[in-house]
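To start, the structure itself, in structure tokens.
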Amino acid sequence: MTGYTEPHDKSEQIAIANSAERMTVEKWMARFIVLESVAGIPGSVAGCLRHLRSLRRFRRDMAWIETLHDEAYNEKMHLLTFLKIAKPTLLTRVSIYALQIVFAFCFTLVYFLYPNICHRFVGYLEEEAVKTYTRCIDDMELGLTPDLSNLQVPQIAIDYWNLPIDANFYVLIQYIRADEAKHREVNHTFANLETRGNDRNPFALHIEAANVPQPSKTLENHRGVGWEREDLIL
């Protein structure tokens, strides 16, 4: 849909850059905008459903809601940043409208029935985002997309991530990739927990334990595949 082709190695990556399938600035922006417009849905849907569940059961949600809404807001900031750099075409807008309606409806239905499966799916979705941004970083490091490297970072991104005023696009993508890596860790961990039980959100409160590493809000002790339930202090 966005003209993106995932290379298997560096040689294929260079070959693609020298072919008609090369990733131009326009293709990168189209892919980023489509990805981020979809990525902001799961956190908002899951947070809303868990909020309603907490209300009707008169029980605490064990701090899941805030993390899910933070994830959705973070993804929206990614989208707003890219929208300051490039404007989506009419075809992209129409595609996003259709994709958002279908995906939001399906995700809501499935999350209501099988929340663990949804978190696992989002974890894999975030893995694809990490791959995309890693490919983008590699392209810039290899000098395959000089126009992309020279893009000016919008003020909204400088304010949100507290970036240096002279930060370039290469630095911005590293921050966004780090966000996606954290979302991947969070959702894979959530998929391992009892979403309908009383398991607390291990990312909401960092617990210091001797010789027992625990999750945190940062990339400290980061586990891309998620934390197993038996490794957590719940």
**Asked** Out of 173, 101, 158, any idea which swings most in a Gaussian network model of the chain, alpha carbons joined below 10 Å?
**Response** 101
**Request:** Tell me the trypsin sites (Lys or Arg not before Pro) within segment 20-64 that lie in a loop according to DSSP and have at most 16 other beta-carbon atoms within 10 Å.
**Result:** 22, 59, 60
**Complete:** Here the membrane-span-like helices of the chain, with no claim about any membrane, defined by DSSP H, Cα axial extent at least 20 Å and mean Kyte-Doolittle at least 0.5, are 90-113
**Prompt:** Just from its helices, what would the mean residue ellipticity at 222 nm be for the chain, if runs of 4 or more DSSP H residues each count -39500 (n - 2.57) and the sum is divided by every residue, rounded to the nearest 500 deg cm²/dmol?
**Reply:** -21500 deg cm²/dmol
**Request:** Within 10 Å of each residue's Cβ, count the other Cβ atoms and sort 233, 85 from fewest upward.
**Result:** 233, 85
**Asked** At each listed q (0.13, 0.22 Å⁻¹), what is the log10 of I(q)/I(0) that the Debye formula gives for segment 1-121 modelled as equal alpha-carbon point scatterers?
**Response** -0.65, -1.20
**Request:** Give the relative contact order (percent, whole number) for the chain; include only Cα pairs under 8 Å separated by 6+ residues.
**Result:** 20 percent
**Message:** Please compute, over every Cα-Cα pair in segment 23-231, the percentage with a separation greater than 21 angstrom.
**Reply:** 56 percent
**Asked** Between segment 206-234 and segment 164-203, what is the C-alpha centre distance in whole Å?
**Response** 13 Å
**Request:** Scan segment 155-234 for GluC sites (Glu not before Pro) in coil per DSSP, keeping those whose Cβ has at most 13 other Cβ atoms within 10 Å, and list them by number.
**Result:** 194, 208, 220, 228
**Request:** Could you check the simple spin-label distance between residue 163 and residue 110, using points 7 Å along Cα→Cβ, in nm with one decimal?
**Result:** 3.2 nm
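We did not get these values from a lab; they are worked out from the coordinates using the rules stated. Not measured: the values here are computed from a predicted model. Reconstructed Cβ throughout: ideal geometry from the backbone, glycine too, with neighbour counts over all protein chains shown.
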